[in-house]
1. Residue under question is residue A:406, and the condition is that it be within 14 Å of chain B (Cβ to nearest Cβ) and either surrounded by fewer than 22 Cβ atoms within 10 Å (Cβ to Cβ) or under 25 Å from residue A:253 (Cβ atoms) (or both); does it hold?
2. Got a number for residues in segment A:166-188 being touching a helix residue (DSSP H, G or I) at 6+ places or on another chain (Cβ under 7 Å) and under 16 Å from residue A:85 (Cβ atoms)?
3. Go through segment A:446-461 and give me each residue that's outside any helix (DSSP H, G or I) and facing chain B (nearest Cβ under 7 Å).
4. Would you point out which residue out of A:119, A:163, A:140 is not in a helix (DSSP H, G or I) and not assigned by TED's automatic domain parsing to the domain that holds residue A:520?
5. Would you pick out the residues in segment B:208-243 that are buried (at least 19 other Cβ atoms within 10 Å of the Cβ), in a helix (DSSP H, G or I) and over 18 Å from the mean Cα position of the chain (by Cα)?
6. Which one of these is touching a helix residue (DSSP H, G or I) at 6+ places or on another chain (Cβ under 9 Å) and free of Cβ contacts under 8 Å to residues at least 12 places away in the same chain: B:317, B:307, B:296?
7. Residues of segment A:323-359 being modelled with pLDDT under 90, more than 19 Å from residue A:510 (Cβ to Cβ) and assigned to a helix (DSSP H, G or I), which ones?
8. Quick one: in segment A:378-387, which of the residues that are assigned to a helix (DSSP H, G or I) and at pLDDT 85 or above is farthest from residue A:433 (Cα to Cα)?
């Protein structure tokens, strides 16, 4: 293709000829994007129509707690994740493969399960407190509150920083350091001037995930009794202060937007994106730890003990004691909770896959402002805390319900319209909004690999546009569609806040069951569902890793 | 039929390749680029004449053959930039027409317009008497109804299908036995019967190219289009592949339009060559006629290393720095007495000889090509010309030389700038 044609091509596609934007596909994708964006509209609508005093908007303590939590957790995650990445990639640390896996594994434990086990271990009359009381130690620092929450969140989110930093280190071209050394630069200065600038984007993208997680997490602060925004929203929602909850949700969304803006400044630099051709091939620049080997091993062991040994140990104890606890509660575990979880997750996965195909295909094949906007819009779920999304959909369900009854007072037949609030379709819709980005991402990356020429070749060999899509594009993007759906399935299985807000009455899943146990105190019954969730999370990691190859 | 063998020997290929490099250099020279823009209008006139006239020289095509593909005044504009302007040409049954031009000249766009992958903004495209595109009356036939084969630059083989399934893709409307037979026939034609069950990623570049060709030929298209078919191949493979593709096309008798930016490729494979620049067809004719009688400075420089001698018309002769030339040697010279014209001289038209005196100029560059030398001579008036010499004739840079016109053919001339 000539320079002029390459230049003119993308612009020309805005026009009207055959190779240009297909109207039907744009309308379909646009409708999906609009549906995904609608919860924000409901939230705004609710706030605008609020009758509550505006002064409630400012809840300085809660707001500051949330911001502080995000800052501490993000900072601590970088301090844990970056050294661990460096140790496992660039040094001669013994058993590097083992540590690499062990340090990434905490990601498979949902943080609310981590918090659960930490309360059980370190809480008042927990295992550790009991054991220490036996040897005369009367009090240990409380697990509840800010420091406990920050600790647990850090332990279960720092692997994001570890993984992204590790990827940057692995793709880093060692010959760049050698080039710097030949230019009379010391080892330390080479690290500062060459290595570090290349690592910043990787660290920043991991830190973004941590920050968004810390801000939006509901389960951990709730369990550890820390008054953050998500917790305040939950309390207001249950206390029928729904307008306040809506305003707090907007605050939460605003902070999310700020975090995203900061990250795009720091992390989105192209000069950091250089990927060397001899990435990770040379072993010459591996740092020898020498006398530091023992402290490094102690550090890794401590991290792994805190992240993995404690929760798994507690779950094991629960599991052993499970039989005795069940007698004391009416919360008997039923396998139907697991099948319910699977049912909604399959429905969410299928819905996401179907919605992702037109959006991803359009974004990958027809680059233009319109398609870019549609594509970005579907990513809103990424930045939308589950509790905010759940709340917005509660508003939607209720407003829909009252509209229906308004109409029914005039047209009685409207009483036969289905309700939405606390129904499965609304719950599944929430999952779609929340997890569509995973599906679109996976589908789009495989759609990008379908060269435009392939569909043109199919057209010239007698296929209509639809037949060309079916016979050529679809088989080629299918692996991405499946991977995306699998990811959605697995993340839906462990989703907590939206599920709690939108669960139909009497419809219990693994997650809502574990949550109910929290109140009963008979933790032993949570062992099986918790272990099931951990296995599910582990599988989702496998899917993510296989996608990244 | 079995696989064709290339007719060229390795030696002659090496020689032409070397000559080609020199040619490309000259064609890409910035100084000549400006010249051709000013020339466009004159060139267009020449083109129109050439396109309709029989004086296009000894074409390799049967003159009685019927027109298969006819483009009339087609144009395509991308966001105010015109890619193709007022292009008209006819392709006759069974010929190979090469569309030659630098990148960005609109040749690929022309191909995509014919294929129906882009819509023309103006003009008509007729294939076998059926109108495929005519925006004035709202006619646009979608690509799947064209019965045109296209070999893509990057081959565009379906990665999820085997070689045989790729070839069979365009035959889905035929009964299975007939389809299998046709696939076998084509795999045999391109010599890849053994690779029928291989996936594209298991094939080499040349093999992919042949499967792409077989896939396009399988449905027996009215016209086969080739978009820079050799540009994704290893340089060493290109010469043999182009002979092979030509032989396959000729064996099937299909009419072909072959787009390339490589003048040697165009001249060697085509029955007729159309030279494009800046969205316009500059000249169309047999390879010999466009090389020997380029219609414009652009065509002259694009097809081979070209220098221009300024000359003043003085009665029956032209006065140049290198002496007088008979006006008869310039075909169709009709410039008025006293006016100046530029005479095209290629390296093989000129001979330099060392001299003790001032001579006509000095050697300023020596380009060694193995079998030959090309000397760049700066003439006393500042013009430079190139002289081709055998590799045994070794002159030094800075040496004063006389230059004589040794051409034994008529010379082309262009109005002076």
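1. Against the criterion (within 14 Å of chain B (Cβ to nearest Cβ) and either surrounded by fewer than 22 Cβ atoms within 10 Å (Cβ to Cβ) or under 25 Å from residue A:253 (Cβ atoms) (or both)), residue A:406 does not qualify.
2. Number satisfying all stated conditions: 6.
3. Once the filter is applied, which keeps residues that are outside any helix (DSSP H, G or I) and facing chain B (nearest Cβ under 7 Å), segment A:446-461 yields A:451, A:461.
4. So the residue among A:119, A:163, A:140 that is not in a helix (DSSP H, G or I) and not assigned by TED's automatic domain parsing to the domain that holds residue A:520 is A:140.
5. Matches in segment B:208-243: B:208, B:209, B:210, B:211, B:212, B:213, B:214, B:215, B:216, B:217.
6. Just one listed residue meets the conditions, B:317.
7. Those that are modelled with pLDDT under 90, more than 19 Å from residue A:510 (Cβ to Cβ) and assigned to a helix (DSSP H, G or I): A:323, A:324.
8. Ranking the qualifying residues of segment A:378-387, first place goes to A:387.
The values are calculated or read from the model by the stated rules, or taken from the named source; none is laboratory data. Please read these numbers as outputs of a predicted model, since none were measured by experiment. Ideal geometry is used to build each Cβ from the backbone, glycine not excepted, and the neighbour counts take in all protein chains shown.
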